[in-house]
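Here the structure comes first, spelled out in structure tokens, and everything after it is commentary.
FYI, it's all coordinate maths here, none of it is from the lab. Since we're looking at a predicted model, the values are computed, not measured. Quick reminder, even Gly has a Cβ in these numbers, built from the backbone with ideal geometry, and neighbours come from all protein chains shown.
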């Protein structure tokens, strides 16, 4: 069915095949604002604002929500039957977009006057240049404008395309690909290959997410429409455009659709035939059609022509990707490896040889490459690819094989391939092996670049192997290696995290001895370490050492100092010092000021910080979110909620940390709806999990068991294993709560088993049994006791002691004595616990 529909689609486009020139785009109708708006998009645009309009004061290059919110209804109303003349269309678009841009996207700026707005409307927005004209006021100003213009053009070239692609993807997600192409065409922003590729990728992504073939074909048809549009505009359809679509069809085993599309691509770009042959071979391998595989393989014969050789290369790559050993070996007899056109193909060959463990053939090919004049650096790289792809090989064995193969074949390993082996060791948490390689390089007489230590230092921090910094430092000293700024900072950070401040200072001394001047960042790391240890004296000593070394503090230095002030006077002192020395107030400084004032209870000053007009617009939401966290964590929940509401009214979202802080500190009864609303604002999974667990604990505090169970179900759907952690926390809170409510604990235990279909952990049952002790409820204690066996958990000594304790507390002395007989008493600590129970409940 889908194939038939797709065939009709191809037939429909066949009539336009000969047209290579771009078609004239019809004008669009007037824009109508929708009920809902989309997310704001920011992009570089230096069009000069009109004088006298207050909207000209808004940051350049900001497209408001209202701009995008009006795209969808506009696009949906486009129809050929209602086309206006081109001039009217241009003016209509200008009027609509000008109206949007001068709208109320910034709540803090009033609307401009009618006269000013009318002036803006008369300017055709399609004629506005991407870059503003240079001012001719005077020579100095002119030079500044020229410099600014050059810089702006450089930034534009490097960022405009990426931002434009993101803008188009968002529009396509809301409007559809066809409407998006038409809309931007009307704006005079013609799409290039990169933009088309982004939209095609979006179609493929949506197709992959469809649950059935019928729905996925809708998006594939849209992708075909984009290819047809590329053809009409004369754009070449290369592999980066058609490759992802063909791979999707291979993954989904869509053989008929693949054949139709591949014929279309070959027809549009005959030079791509051999490359499409690679995808075709992958398809038949994927569906297991051995006859087709054999047919394609036989078609290349001895690869005696240039075309057949290109096809043979593609088939070779397909066999490498799928590790088809028999075909790979036969094709390697036909294809001369040193004539393969792309180094990526050769790389795939060696990777496949490694996975197939064909070492003898690998050595033979390496010698062929060496004879053909390949550089030793390239050959060394191929040896690395081979050795790291050999299956079930320990890291130490990979290193050994890498070195031995080089020695056996007379190849000198390159520094680049050594660095890759070091990275391989670090990714496998084999830091000692990586250090051994560095030592081997040094002893080989090669110049060791300091970059070799970067992955090692990163692995030390990533895997918590902080003490490995000492042998790294020792090796640097042994071989007279001079680390640079980043390496020094990483090493100092590792020493500080180990609380080895002496080692950190030794590194600073070593830097001076190697003529490497310590930087402000290095001292900042040490200062931050002292503050973490609540050692203000040590931190201030670092500041004094910076002054003695004539190293100027920066904004990060002051952010640490302000955040750890002992009195408000110090806040003012550091703030004034920053202004006096001209140090920039970064967002971290503003955050430190807010937290510092809130810590001393001066909440009004904390609120005043966010009103500073020097705060960049892009940071204001993040800084306001810090204010919400600071207020809520210091008991000012109502004020925090007010600031949160202001952020939302301005069309922004609260930062996840601020949302978590609100959830954590809203403890009053009757706030469940607000907590659930806040929970809904958390989009990333980690933040949502954290917030959800806190809301569940709130539900337990106020006996809202039904809501707690529903949230637990949602948790289980997202992360089953982590749900056990939250359940343990729930039973821990039930045990801590006064007065004790053991019944809600039993109710939750039943829900965990029956509704969540989970087995309670030992930790949960231990807390619940301890709760029975506090409640002096032996009946429920026996119920929990039986749950251990039902969950497949054996009784240990502490379980016996807790049950004995519960029976004593309930005055069931006879049953307690029977339980006492089952408790092993060899351990003196156990005997001490038993005696403590008797003292507490029997005397």
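The alpha carbon gyration tensor of region 483-552 gives principal lengths a ≥ b ≥ c with a/c of 1.5 or higher and a/b no greater than b/c, which makes the shape oblate.
Put a dot 7 Å past each Cα toward the Cβ at residue 549 and residue 638; how far apart are the dots in nm? The answer from the label model is 5.0 nm. As a proxy for reagent exposure, 431, 709 were ordered by neighbouring Cβ count within 10 angstrom, fewest first; the result is 709, 431.
Please rank 631, 654, 813, fewest neighbouring Cβ atoms within 10 Å first, as an exposure proxy. Mind dumping the intermediate values first?
Working: 631 27, 654 23, 813 12.
Fewest to most other Cβ atoms nearby, the residues stand as 813, 654, 631.
The relative contact order of region 483-552, computed from alpha carbon pairs under 8 Å that lie at least 6 residues apart in sequence, is 28 percent. The alpha carbon centroids of region 273-336 and region 376-429 are separated by 29 Å.
Classify region 374-429: rounded, prolate or oblate, from the alpha-carbon gyration tensor (a ≥ b ≥ c, eigenvalue square roots; a/c under 1.5 rounded; otherwise prolate if a/b is larger than b/c)? Prolate shape, in that a/c is at least 1.5 and a/b is the bigger ratio. Spatial offset of region 773-843 relative to region 549-564 amounts to 58 Å, using the alpha carbon center of each. With the simple model of a label 7 Å out from the Cα in the direction of the Cβ, residue 440 to residue 818 spans 6.9 nm. Scoring 395-403, 558-566 by mean Cβ neighbours within 10 Å over their residues and listing the highest first yields 558-566, 395-403.
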